[in-house]
Amino acid sequence: MMHTLVLFPFFALIILNLPLRVIFRRLSFWVVFALSLIQIFLVFFPQNAFWGTHFNFLNTFFRFNLSADGLSMVMLLSIGIVTLTALLVARQMITDSDRMALFCSLLLIAMAGMNGAVLVRDIFSLYVFLEITAVASYIMIAFDKNIFSFEGAFKYLVLSAVATAMMITAIALVILFSGSTEFYLINYAIRASAHTSLIVLSLGLFLCGFFIKAGLIPFHSWLPDAYSSAPAPVSIFLAGIVTKTTGVYTLIRIFISIFGFNGQSQRILLLAGIISVVIGAIAAITQKDFKRMLAYSSISQVGYIILGLGCASSLGIAGAILHIFNHSVFKSLLFVNSAAVETQTGKTNMDEISGLGEKMPVTAVTSTLGALSCAGIPPLAGFWSKLLIILALWVGGLHVYAVVAILSSVLTLAYLLSIQRKLFFIKGNSEENSQIKEAGFGISLASTLLAFISLATGVFFPFIINSFIVPFGKIFGRF
């Protein structure tokens, strides 16, 4: 069954680009829409009959070693939700049918690449799927074909090429000392190997490569330009899930499935995490452009995930994985609302925008919920994941890191609420705002759904953790 999550998007891509494109391009939106919903459904109901169906002809031709654990299920759910969100926003913002068909094709490529990356259990196949996702992302960033989008795509391309070179070298070293690319065989070889220097070097190369992919400081220079110069649906897709999959997920995977933790690697993770948390938050305060501010805020939030991973405990890893999902939801929500503001005002400079709350009430309310979740305010979902991470730091004796994480969260709350107040809740120029109205159905639906998910996850989290996570291990798995 898991092969279908990788292969069906590719099959759909081929069918939608057959010579009868005039007919098929009208179906492109609905095909991606259906695949996204099916993926979400399969995560929530993993024991249904469809999961148990054996596609023997696929297994005959495609020999990927695929399996799903709790981490994979969280990622598959996040991929489905963010893809659906980006698609709804694109439906409203991309009016040309040919461009919409092209965007849907790129979504299918990226979706297949990310699904493969989170399901594969072979390190070289993981690299291949990451590159499939990256290629689609380059084109998406440059989708508008203007100087700024080309610049953002070029920066991403160059730094991603550096990350690729590091990963390929690391994979070669892994094969050298283990003789395999399978996760469990590499892990066994590491435990039994005397080639300590090769293991350390390969892990260091992997860390640098995935830090670039995740946009962690000081490897972040591509991220603000890529997020801010890309079209709004692409920004949602990149910030919501692409960097989480290609950088953050892979970082977690190589530690829990391959290398394990030691004191040195923990210190590197904690240092990278806390630097990104603090500097990302400080840099976000200084930004005038709405999307660039959200980009730097994303760097800060990814830092919390790395802090949780650096704890090297079940509690810390659980918090990190939950924060991946929460960040996918609330950051996608904030980028959806930036798209709403941009489409209705034609501006992204926050100094030129104010008093939109009366004209755009749905955007104002959902944006505030997204900001509060990002800052970790109860009962929203972001509170619980940050709480788990901070508790893991404190229990692990990392008191300074825990205090700095709390203070950075307070800083995040301060600048996000200040921005919400200025954009939506103070009196604006009535003449300029007279023609402004609420964003269209696609954007409003996307923001409402994401706000509901963030609120529902937070409110029902005690039920979720007691009745779902603890007894069955379907979300966090057994680390």
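Quick note: the coordinates plus some simple rules give every number you see, no bench work behind them. None of the values given here were measured: they were computed from a predicted structure. We place every Cβ from the backbone using ideal geometry, glycine too, and count neighbours over all the protein chains shown.
May I ask for the distance between the Cα centers of the range 236-252 and the range 367-391, given as a whole number of Å?
Between the Cα centre of the range 236-252 and that of the range 367-391, the gap is 19 Å.
In whole percent, what relative contact order does the chain give with Cα contacts below 8 Å and a gap of six or more residues?
Working: 771 pairs, mean separation 72.5, N = 479.
Reported relative contact order: 15 percent.
Distance cut-off 23 Å, Cα to Cα: go down the list 288/347; 213/291; 145/437; 155/213 and report the pairs above it.
Table pairs above 23 Å Cα-Cα are 145/437.
What distance in nm lies between label points placed 7 Å from Cα along the C-beta direction at residue 180 and residue 27?
Placing both labels 7 Å beyond Cα along the Cβ direction yields 4.3 nm.
With N set to the residue count of the range 318-377, report its C-alpha Rg divided by 2.2 N^0.38 Å to two decimal places. Show your work: numbers first, answer last.
Details: Rg = 13.0 Å, N = 60, 2.2 N^0.38 = 10.4 Å.
That ratio works out to 1.25.
Quick one: order 222, 394, 30 by neighbouring beta-carbon count within 10 Å, fewest to most. Spell out each step's value before the answer.
On the way: 222 22, 394 16, 30 11.
Sorted ascending by nearby Cβ count, the order is 30, 394, 222.
Just how far, in whole angstrom, is the range 267-330 from the range 97-137 if you go by their alpha carbon centroids?
Cα centroid of the range 97-137 versus Cα centroid of the range 267-330: 24 Å apart.
List the lysines whose Cα sits under 17 Å from the Cα of residue 386, skipping any in the same chain fewer than 8 residues away.
In chain and number order, the partners are 244, 331.
Take the chain, mark every one of the trypsin sites (Lys or Arg not before Pro) that falls in a DSSP loop and has at most 11 other Cβ within 10 Å, then report the longest stretch left between them, sites excluded.
Values: sites that count: 63, 145, 288, 427, 437, 478.
After excluding every exposed loop site, the longest remaining stretch is 146-287.
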